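The values are calculated or read from the model by the stated rules, or taken from the named source; none is laboratory data. Because the structure is a prediction, the values reported are computed rather than measured. Cβ: placed from backbone, ideal geometry, glycine included. Neighbour counts: every protein chain shown.
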Amino acid sequence: MKRTLSLVLTAVMCVGLLAGCGGSTESAAPESTAPESTAPESVAPESSAPEAVSGIVNTNGSTSMNDVMLALKEGFGEVAPDVTVNYTGSGSGAGIEGVLAGSCDLGLSSRALSDDEKSQGAVENIIALDGVAVVINPENTVTDLTLEQIAQVFTGEITNWSELGGADAPIAVFGRENGSGTRSAFEEIVGVEDACAYTNEYSSTGDVIGNVASNPNAIGYASLSAVDDTVSALMVNGVAPSEDTVKDGSYAIQRPFVVVTVEGAELSDAAKAFLDYAMSAEVADIIAAAGAVSANA
Amino acid sequence: MTENKPQTLKNLAARLLRALGAAVEQIMRAVFLLCGLVAIGFVLVISVYLIISGIPAIREIGLADFLLGTNWDPANKTAPAYGILPMILTSVYGTAGAIVIGVPLGFLMAVFLSKVAPRRAAAVIREVVDLLAGIPSVVYGLVGMMVLVPGIRELFGLPAGDSLLAAVIVLAVMILPSIISVSETALNAVPREYEEASLALGATELETYFRVSAPAAKSGIAAAVVLGVGRAIGEAMAILMVAGNVANMPSLLTSVKFLTTAIAGEMGYAGDLHRQALFSIGLVLFLFIMLINAALNLFLKRNKEGN
């Protein structure tokens, strides 16, 4: 019994492994042939019938965009069931490089493109914006910090709330674990990369919120969509974080989610359909549910 | 001649049955053997897997830098560091602290249950101790996070109460049940004649328990300690919630990261060498626990021989 169970489990795992390995090569092969076969039947892809599109779209890049991409993939599956969207999370840099080298259809980047990358032909299509809120305990009287003050708090230069106009209490700096997308986004935008002196690290957004909510000395950060009323979100440079302030760019701690295409290179119909879908206003809810703010609604 | 025929038939049938029985016996034996081998197979697969996936990172980082490095910063983009000494020390200190608090408490409780308590009270307490053993570790963590951590923060005036101290206290409570029940079994196994002889010579009850019963149950109590060490060093969930999880060099009131919590907390987002280094941490932890198991077996063996 045990043995059969273990055998079955082993078999399942092996199959899973093989499937995982096969995925990329298998999908890469038909990709080259797909555009030719579908081309005759859908001459104008932007016209009314996206159901006619079929093929495979390979996307590669930012791991922070994981949630948004999975949500979009699922949503797109309902609109165009014949298109398979593959997502590989390998980092923004690798995604931009990949699309420039032609190894994937769409690159994914969770930062704006550099001038150097643009000069190589990379084109920025912003599908969403990701805001990171700085949260404190509701008992704390501090309401507004500058980006610089936040940087000083997180690097350990300021260690008492009284230096920021609050009560005389030590600051407990809470952050996420090594490798977290929110952590890298926050540290990158605030300019404290690899320089943070955390009191505690937590492995989920919920943990950060929960611990900030229970500790009057705490300061932490969390994805904007995860902030609830158990904590209060600080104004940054005088701007309160909200969907609107993220969208109009006035809230400082934010970054774009970018789909990267290459100038002059023709997209396959499937890739074009997916990009159009991701850029459309109708996916605003899907993107919001995945924790970001739609850039095109 | 005619009588002989049924006789041979009967013989044949009996022989067939016997052969069949023997075959079934053989088959069942093989099945049992295979079941036994499955357990060995699991251990082998896990060991081999851990060694294969744990070695590359150690090789790349260098054994000395990995085990003795004091800086753990694997996601640093310019100069990643992979030293796990803070975590090794934290795991050792945390476990030692849990033993220092848990063993005396558990041992005294076992003496109480085995020798002092009225039978009915002992039965109730035993039930409660069993219940304590059945509480999931995440619940220990939750209570620690909601009660212990704010308590420590208030008491010591810290920015946050997540600390080695909180982890030690949670671990001490978690290892209590196994220490109590194993030591109690050992104390119960002490022959009554020893104690009666001691009492007859004029020793008080307390003297008898500590000078006669406890030494006689020595190896069983040692086994309880080793069992507690094993449970404490392998625990991840509960201490993930109270230890703060920053890889500082351990001190009682700062946030610390254990070997186990490094794996549990960072596996989700880790990539490349960071991920491989987590496997290497798993290997180190595995070796620790193997050592402890070997020690446990030694104690148990000695215990048997002693009796």
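Just one of the numbered conditions (1) surrounded by fewer than 21 Cβ atoms within 10 Å (Cβ to Cβ); (2) closer than 30 Å to A:SER204 by Cβ; (3) at pLDDT below 85 is not true of B:LEU296: (2).
Put simply, of B:ARG192, B:ARG231, B:ARG153, B:ARG211 the only residue that is under 17 Å from B:THR254 (Cα atoms) and charged (D, E, K, R) is B:ARG153. Which of the residues spanning the range A:184-198 are farther than 16 Å from A:ILE158 by Cα and more than 8 Å from every other protein chain (Cβ to nearest Cβ)? Result: A:ALA185, A:PHE186, A:GLU187, A:GLU188, A:ILE189. Restricting the range A:170-183 to residues that are over 19 Å from A:PRO138 (Cα atoms) and among the small types (Gly, Ala, Ser), the residue that is nearest to the other protein chains (Cβ to nearest Cβ) is A:GLY179.
Give B:LEU278, B:LEU285 a once-over and let me know the one that is part of a helix (DSSP H, G or I), away from every other protein chain (no Cβ under 13 Å) and modelled with pLDDT of 90 or more.
Going through B:LEU278, B:LEU285 in turn, the sole match is B:LEU285.
Would you confirm, using the coordinates I've provided, whether A:ALA265 is part of a helix (DSSP H, G or I) and among the small types (Gly, Ala, Ser)? So A:ALA265 fails the test.
May I ask you to say which residue of B:GLY202, B:GLY161 is surrounded by fewer than 17 Cβ atoms within 10 Å (Cβ to Cβ), small (Gly, Ala, Ser) and not in a helix (DSSP H, G or I)?
Sole residue among the options that is surrounded by fewer than 17 Cβ atoms within 10 Å (Cβ to Cβ), small (Gly, Ala, Ser) and not in a helix (DSSP H, G or I): B:GLY202.
Inspect the range B:114-132 for any residue being more than 24 Å from B:LEU227 (Cβ to Cβ), surrounded by 15 or more Cβ atoms within 10 Å (Cβ to Cβ), away from chain A (no Cβ under 14 Å) and without any contact (Cβ under 8 Å) to a residue 60 or more places away in the chain and give the result as yes or no. Checking the range B:114-132: not a single residue is more than 24 Å from B:LEU227 (Cβ to Cβ), surrounded by 15 or more Cβ atoms within 10 Å (Cβ to Cβ), away from chain A (no Cβ under 14 Å) and without any contact (Cβ under 8 Å) to a residue 60 or more places away in the chain. Restricting attention to the range A:50-65, the residues that are under 10 Å from A:SER90 (Cα atoms), under 12 Å from the mean Cα position of the chain (by Cα) and not hydroxyl-bearing (Ser, Thr, Tyr) total 1. A:GLY102 falls short of the stated requirement of being within 14 Å of another protein chain (Cβ to nearest Cβ) and not basic (Lys, Arg).
Every residue, every condition in (1) closer than 16 Å to B:THR95 by Cα; (2) among the charged types (D, E, K, R), yes or no:
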position: B:ILE233; (1), (2): yes, no
position: B:ALA236; (1), (2): yes, no
position: B:GLY244; (1), (2): no, no
position: B:ASP272; (1), (2): no, yes
position: B:LEU278; (1), (2): no, no
position: B:ASN293; (1), (2): yes, no
position: B:ASN297; (1), (2): no, no
position: B:LEU300; (1), (2): no, no
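Inside the range A:199-221, can you point out the residues that are in a helix (DSSP H, G or I), over 21 Å from B:ALA236 (Cβ atoms) and either of a type in the set (Val, Ile, Thr) or at the interface with another protein chain (Cβ under 8 Å from one of its Cβ atoms) (or both)?
Selection gives A:ILE209, A:VAL212, A:SER214.
If you scan the range B:180-195, which residues turn out to be surrounded by fewer than 18 Cβ atoms within 10 Å (Cβ to Cβ) and part of a loop (DSSP other than H, G, I, E, B)?
Selection gives B:ALA189, B:PRO191.
So which of A:GLU157, A:GLU163 is among the acidic types (Asp, Glu), farther than 29 Å from A:SER294 by Cα, part of a helix (DSSP H, G or I) and more than 25 Å from the chain's Cα centre (by Cα)? Testing whether each residue is among the acidic types (Asp, Glu), farther than 29 Å from A:SER294 by Cα, part of a helix (DSSP H, G or I) and more than 25 Å from the chain's Cα centre (by Cα) leaves just A:GLU163. Taken as a whole, the range B:141-154 holds at least one residue that is over 30 Å from B:ILE289 (Cβ atoms), touching a helix residue (DSSP H, G or I) at 6+ places or on another chain (Cβ under 8 Å) and in a helix (DSSP H, G or I). The residues on offer are B:VAL246, B:VAL212, and the sole one that is without any contact (Cβ under 8 Å) to a residue 40 or more places away in the chain, under 26 Å from B:LEU171 (Cβ atoms), aliphatic (A, V, I, L, M) and assigned by TED's automatic domain parsing to the domain that holds B:GLY151 is B:VAL246. Scanning the range B:42-51 for any residue that is buried (at least 16 other Cβ atoms within 10 Å of the Cβ), assigned to a loop (DSSP other than H, G, I, E, B) and at pLDDT 90 or above turns up nothing. Scanning the range B:52-79 for residues that are of a type in the set (Ser, Thr, Tyr), surrounded by fewer than 15 Cβ atoms within 10 Å (Cβ to Cβ) and in contact (Cβ under 8 Å) with a residue 12 or more places away in the chain yields one hit, B:THR70. Of the candidates B:GLY265, B:GLY234, B:GLY230, the single residue that is touching a residue at least 60 places away in the same chain (Cβ under 8 Å) and among the small types (Gly, Ala, Ser) is B:GLY230. A single member of A:VAL134, A:VAL208, A:VAL212, A:VAL123 is at pLDDT 85 or above, of a type in the set (A, V, I, L, M) and either surrounded by fewer than 20 Cβ atoms within 10 Å (Cβ to Cβ) or touching an Asp or Glu at 6+ places or on another chain (Cβ under 8 Å) (or both), and it is A:VAL123. Considering the range B:241-274, the residues that are in a helix (DSSP H, G or I) and of a type in the set (S, T, N, Q) include one that is nearest to the other protein chains (Cβ to nearest Cβ), namely B:THR261. Answer with yes or no whether A:GLU117 is free of Cβ contacts under 8 Å to residues at least 12 places away in the same chain, part of a helix (DSSP H, G or I) and acidic (Asp, Glu). It is false that A:GLU117 is free of Cβ contacts under 8 Å to residues at least 12 places away in the same chain, part of a helix (DSSP H, G or I) and acidic (Asp, Glu).
A:GLU177 falls short of the stated requirement of being acidic (Asp, Glu), assigned by TED's automatic domain parsing to the domain that holds A:ASN140 and over 17 Å from the mean Cα position of the chain (by Cα). The test for being part of a strand (DSSP E or B) and more than 10 Å from chain B (Cβ to nearest Cβ) does not hold for A:TYR251. So for the range B:189-201 (the condition being polar (S, T, N, Q) and at pLDDT 90 or above), does at least one residue qualify? Among the residues of the range B:189-201, at least one is polar (S, T, N, Q) and at pLDDT 90 or above, which makes the answer yes. Only a single criterion out of (1) in contact with a helix residue (DSSP H, G or I) (Cβ under 8 Å, 6 or more places away or on another chain); (2) in a loop (DSSP other than H, G, I, E, B); (3) touching a residue at least 12 places away in the same chain (Cβ under 8 Å); (4) among the charged types (D, E, K, R) is not satisfied by A:GLU139, namely (1).
Residues in the range B:70-90 that are under 22 Å from B:GLY234 (Cα atoms) and either at the interface with chain A (Cβ under 10 Å from one of its Cβ atoms) or in a loop (DSSP other than H, G, I, E, B) (or both): B:THR70, B:TRP72, B:GLY83, B:ILE84.
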